[in-house]
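Just so you know, all these numbers are worked out from the coordinates, no wet-lab data involved. This is a predicted model, so every value here is computed, not measured. Note that we place each Cβ from the backbone using ideal geometry, even for glycine, and neighbour counts take in every protein chain shown.
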Amino acid sequence: MQYGVIPTSLAERIALAAGAVPLPLIDLTFGVLKARVIMAGVQLGIFNALAQSSHTPEALAGTLKVDTSCLEMLLRCLVFGGYLRLDDGRYSLSKLARDTMVDGAPR
């Protein structure tokens, strides 16, 4: 799944289809947000904490000593960005994150 405009009403769908939505400006905003989410993940140590095994948000928050609800929002953003996976309430690294975001990663 990717970031982007999701119309929630008929008027929004029509505006999007008619080209009345400034998609390049919105894409720029999402790019900045995605970059900040990735930087926060690195700064908090999320990727290295998930390198060995998957965790629930509560367990990961305890390990990282951060607020669970705020961490869960960040984790969901990282899932949508393709850096994490969510299976049965447990977060784990995606192949992209495993290859690029952990200490000693090949790329």
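D by Stokes-Einstein for the range 55-107, Kirkwood Rh over Cα pairs, 10 °C, 1.306 mPa s: 139 µm²/s.
Give me the log10 of I(q) over I(0) for the range 37-84 at q = 0.18, 0.28 Å⁻¹, as the Debye formula computes it from C-alpha points; what are the numbers? Log10 of I(q)/I(0), two decimals: -0.45, -1.19.
Considering the chain, its Cα convex hull presents a mean projected area of 8.1 nm². The loop-placed trypsin sites (Lys or Arg not before Pro) in the range 4-93, going by DSSP, that have at most 12 neighbouring Cβ atoms within 10 Å of their Cβ come out as Lys65. Of Leu96, Leu71, Leu60, the residue with the greatest mean-square motion in the GNM of the chain, using alpha carbon springs below 10 Å, is Leu96.
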